[in-house]
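Visitor: Just dropping this structure here.
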Amino acid sequence: MLAATGTTVATSGCIRQIRSAVNRDGIDPLSLTITTLPADGDRESIQLTRRVRDALETVGIDASIELLSTEEFLRTVLINHDFDVYVGWYHDWTEPEFLYETLHSTYADEPGWQNPFGVTDLALDNLLEAQLRANGDERREAVAETLEAFTTQQPFVPVCAPEEYRLVRTDRFGGWGEFHPGTRLGYLGLEPEDDETDRIRAVHTDPRPSWNLNPLSVEYRNRGLFTDLLYDSLAVGPVPGTDDTDGTTAENGDEDGGESRYRPWLAESWEWDGNEDESGGTLTVQLREDCQFHDGEPITASDVAFTYRFLEDTTLGADGVSAPSPRHRGHVAPVVADEIDADGDRLEIPIEASEPVAERALTVPILPAHVWQERSRPANVTGVQIADGTTDAVVVDNVPAIGSGPFEFAERNEREHVTFQRYADHFTLRDDVDLPAPSVAEFRVQIDPRSTSAIEIISGGDADVTTDPIESYVVDDTIDLAAESEGVELLESPARTFYHVGFNHRRAPFGNPHFRRIVARLLDESWLVADVFDGHARPVTTPVAEAWVPEELAWDGDDPAVPFLGDDGEIDVEAAREAFETAGFSYDANGRLRVRR
């Protein structure tokens, strides 16, 4: 009996030992996938991705590339969060407010551009919240502290901001470049050279606007230029580095005593009343009188209040689980939507943020409640399983689009063109309104997939403007073409996009800041600008406009926070290996980086 008992005990101990050995996660060679766009979707993205892959493989990391169409890329990264690393762009990034929704833990599981990386860091959250509430010099200090934390942690790696070039015909229109051509104002107030010129003929390299005109669909929008022409916002925002004077500055200034950065649009005016404890305040907005949507229905303060509630939760509370819009979410985050007081053409909008951040909330598209109310129901596609919280609002193609903007939908032919016509009742056409207005009866957008062929269409006289920026590799040739051609001009505009390397913090080892910092040091931004962008970009160290970057974090020939581990694009492999090992990683006998997944 004792012998049998001893055997049982020995066997039990052996089982525990086996379990202890088997139930341990292995430390294996790291293999990752970089998700990006193909050359016909974005030549710079795939070129940059190849350089990132080469850098990773140089230091013993097995990296493969996954190419997806633009809408699949955005759906994979922003909605499904199904990626290891991605390379792509970020649009409309110049003001620091966008950092809140981009990096705050609150948004780690939401779809859209709000924190697609899955960053969860309480210390960073505190800095982002302080930045949201601060004014004046305190705000600049709060932004500087946030950027210092950003450069330390490298939640994603900003690479460069490409210069924007567009080819235009000046023999048909004057006024090009008065406003940034990446915004609605860039196509309003143009001056036809003769009475017979009554159509803007644009050529666009992205076919998605001919499929979908939904201002909430994140996988079908980049900057939302065309939906901004279809939908009015209460205010329009300036672009740093351009002459944004339009004669309609808001009377209220920022905390430094300067003018507001935003200009009234559908709103005739607004006033800011800050709380005594500086925790926020109230925007009192006066709408322009007698404005209508494209279907003739009047625009009221109730439509504006509905818009803020709807962007906050596209189910309108029906399911008990909030389903925010994947676009514009950050703009409305400080708005206390349920407490908006709407009466006729006047609203009082409570805001839990400082005045500069509050005004950003005025730039969202105003949606007609009578159209979008029914889109709060759950999406239903026969034979397809739809994720919980997905409403019709985010999947409908919204064709024809009914907004109140200066142009309205006319017709489309998918992959060929989409055509808009002037909205005759738009408020900018009134005699007593001094704002850029639609000066043509029609705006036709021809779809052509490549910059080279788009340039040929312009130079041949068959189109007036390339609405997408020209790809870097043909900029030099286009400069020569414009110099040698009559009636053609190349517009250069401030960058409104930056390229970056994004990490999925939900997966190991990408949640490790030491790993991300070393990867950042494998990229020589100045070399990448020359090699991938033909010199038509500037390296960036932080994801905000230069005016906000503290001197100690600014580009000075290298990134001061994560300097390149090498020289002139060549990585110092031994230094890189040492950096990984110092950070707690190890290599196997074959020189492959090992991590615990």
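Bear in mind that the values in this text are calculations on the coordinates, not laboratory data. Bear in mind that the values here come from a model prediction, so they are computed numbers and not experimental data. In this analysis, Cβ positions are derived from the backbone assuming ideal geometry, glycine residues included, and neighbour counts consider all displayed protein chains.
Visitor: How far is helix 2-22 tilted off the main Cα axis of the chain, in degrees rounded to 10, range 0 to 90?
Guide: Once rounded, the angle reads 30 degrees.
Visitor: Determine the distance separating the Cα centre of segment 31-61 from the Cα centre of segment 155-216; give it in Å without decimals.
Guide: 29
Visitor: Under unit Cβ charges (Lys, Arg +1; Asp, Glu -1), what dipole magnitude, rounded to 20 debye, does the chain have relative to its Cα centre? Each step should come with its number before you reach the end.
Guide: Values: 48 positive and 116 negative charges, 738 e Å.
About 3540 debye.
Visitor: Same structure, new question: Round to a whole angstrom and tell me the spacing of the C-alpha centers of segment 292-356 and segment 560-578.
Guide: Segment 292-356 and segment 560-578 have Cα centres separated by 48 Å.
Visitor: Same structure again: Which whole-number percent is the relative contact order of segment 484-551 (Cα, under 8 Å, 6+ apart)?
Guide: Values: 21 pairs, mean separation 10.4, N = 68.
Dividing the mean separation by the residue count of segment 484-551 yields 15 percent.
Visitor: Continuing with this model, one more query. Counting alpha carbon pairs within less than 8 Å and at least 6 residues apart, what relative contact order, in whole percent, applies to the chain?
Guide: Details: 1219 pairs, mean separation 141.3, N = 597.
Relative contact order for the chain comes out at 24 percent.
Visitor: Can you show me the helix-derived [θ] at 222 nm for the chain, built from DSSP H runs with n ≥ 4 at -39,500 (n - 2.57) apiece and divided by the number of residues, rounded to the nearest 500.
Guide: Working: 17 runs with 160 residues, N = 597.
Per the formula, -7500 deg cm²/dmol.
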